[in-house]
């Protein structure tokens with residue numbers, strides 16, 4: 001967030017609860033993927049309800065840099081004319097991924113499969129601290145040459161090659177690494193298989209299936225076969241559950257709340273947070289996709305959320321990939337729950353926009369919580385709520401919005417330092433929050 005003015009926003013305890021209905025922003029993960037896969041096609045693709053935020057705009061700029069044409073029509077509506085699967089161009093300079101970790105890890109999968117050309121990816125100060133070795137390692141095994149700073153950080157350069165298919169066992173469940181390898185595998189003669197230790201988000205697989213790619217799933221394995229082209233006509237991006245989660249948490253925590261969130265994506269690989277909330281005693285009503293389901297079209301529903309008492313729970317490692325972005329909210333909810341809340345197997349949080357284990361634990365403790373960081377998660381001792389105070393976002397959009405929700409549920413209110421970070425994924429967060437407060 002260098003070059004921006006740090007904003008301090010205050011969020012006071014809410015008397016009377018959140019009320020009303022809201023349409024949450026488009027899904028960030030699916031927006032990234034829709035731009036990338038549209039750029040990989042040869043025919044124009046209409047994308048509707050594309051997220052207009054810093055991260056996803058970085059993806060649009062990146063696909064333009066490699067030769068795709070992006071026509072911006074009505075708000076949220078794009079027409080992307082791609083280069084085809086094997087014709088990405090070399091730009092004159094580095095591709096700026098900004099703060100977008102998804103872009104940084106998915107784009108190399110496409111580029112690595114194009115021999116004779118090279119691309120350098122760079123980003124902001126935060127992205128330069130995020131490792132790329134987990135995508136570099138499988139791409140090197142497939143035949144690409146990757147040159148990274150200190151062997152594992154941006155800026156890094158991808159030298160394309162005729163790739164060989166592999167079977168790659170993910171050391172840690174990661175939708176981003178899985179997606180990178182699957183995109184690279186589309187051009188391999190014998191196909192490529194990714195083996196997951198636990199399920200992770202499957203938006204890439206769904207979109208590839210819709211685009212006509214030969215893809216097989218089962219028993220923790222995903223295989224893509226050789227294809228000459230991808231075909232997509234239109235992509236409709238659903239509402240983002242990870243953005244909706246902040247309002248879900250606020251409504252659960254603040255007495256007197258009752259809200260409805262419309263057209264939210266409830267792909268079962270994204271609803272881990274709602275299943276954790278259910279164990280904690282919250283009531284969130286909606287028509288959720290069944291566990292293990294797979295369809296090319298993402299499922300949507302409305303979520304009906306009300307305030308209720310909470311009890312502590314334990315989140316095990318196999319649940320983490322399906323709730324990774326919402327785990328900071330689990331820490332916040334644990335502060336208000338009866339008993340102890342434990343999250344294990346979440347070391348992935350340490351390499352997000354900030355070290356989310358350290359920043360969440362330190363931030364909530366500063367507000368009166370009782371949390372202890374562990375190497376791969378945290379322990380929260382339910383303390384009956386939070387006093388309030390001041391929390392820094394550390395340039396992390398999810399930490400900024402966490403602070404806002406904490407303020408509404410606290411006894412004395414919370415000042416969030418660096419609230420502008422929310423614009424990375426949710427530029428209209430404070431305005432949307434205000435609509436639920438005013439009703």
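The values are calculated or read from the model by the stated rules, or taken from the named source; none is laboratory data. Keep in mind the model is a prediction, meaning the values are calculated, not measured. Methodologically, a virtual Cβ is constructed for each residue, glycine included, from the backbone with ideal geometry; neighbour enumeration extends over all protein chains shown.
Laid out as a table, the results:
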read-out: Spans of strands (runs of 3 or more DSSP E) in the stretch 1-89 with at least 1 residues within 25 Å of residue 202 (Cα to Cα) and touching a residue at least 40 places away in the same chain (Cβ under 8 Å); value: 19-23, 45-48, 78-81
read-out: Residue in the stretch 345-357 that is in contact with a strand residue (DSSP E or B) (Cβ under 9 Å, 6 or more places away or on another chain), modelled with pLDDT under 95 and assigned to a helix (DSSP H, G or I) present; value: yes
read-out: Condition broken by residue 426, with the remaining ones in (1) out of contact with any strand residue (DSSP E or B) (no Cβ under 8 Å at 6 or more places or on another chain); (2) surrounded by fewer than 22 Cβ atoms within 10 Å (Cβ to Cβ) satisfied; value: (2)
read-out: Test: residue 285 is touching a strand residue (DSSP E or B) at 6+ places or on another chain (Cβ under 9 Å), buried (at least 18 other Cβ atoms within 10 Å of the Cβ) and at pLDDT 95 or above; value: no
read-out: Count of the stretch 34-52 residues which are touching a helix residue (DSSP H, G or I) at 6+ places or on another chain (Cβ under 8 Å) and surrounded by fewer than 24 Cβ atoms within 10 Å (Cβ to Cβ); value: 0
read-out: One residue from 151, 147 being part of a loop (DSSP other than H, G, I, E, B), outside the structural domain of residue 353 (by TED's automatic domain parsing) and surrounded by fewer than 23 Cβ atoms within 10 Å (Cβ to Cβ); value: 151
read-out: Those residues of the stretch 190-216 which are assigned to a loop (DSSP other than H, G, I, E, B) and closer than 24 Å to residue 172 by Cα, in sequence order; value: 191, 196, 197, 198, 199, 200, 201, 202
read-out: Hits in the stretch 253-280 - residues which are without any contact (Cβ under 8 Å) to a residue 40 or more places away in the chain and farther than 23 Å from residue 219 by Cα; value: 274, 278, 279
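Here is a yes/no grid of residues against (1) at pLDDT below 95; (2) in contact with a helix residue (DSSP H, G or I) (Cβ under 7 Å, 6 or more places away or on another chain); (3) surrounded by fewer than 24 Cβ atoms within 10 Å (Cβ to Cβ):
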{"site": "216", "(1), (2), (3)": "no, no, yes"}
{"site": "223", "(1), (2), (3)": "no, no, yes"}
{"site": "235", "(1), (2), (3)": "no, yes, no"}
{"site": "241", "(1), (2), (3)": "no, no, no"}
{"site": "245", "(1), (2), (3)": "no, yes, no"}
{"site": "250", "(1), (2), (3)": "no, yes, no"}
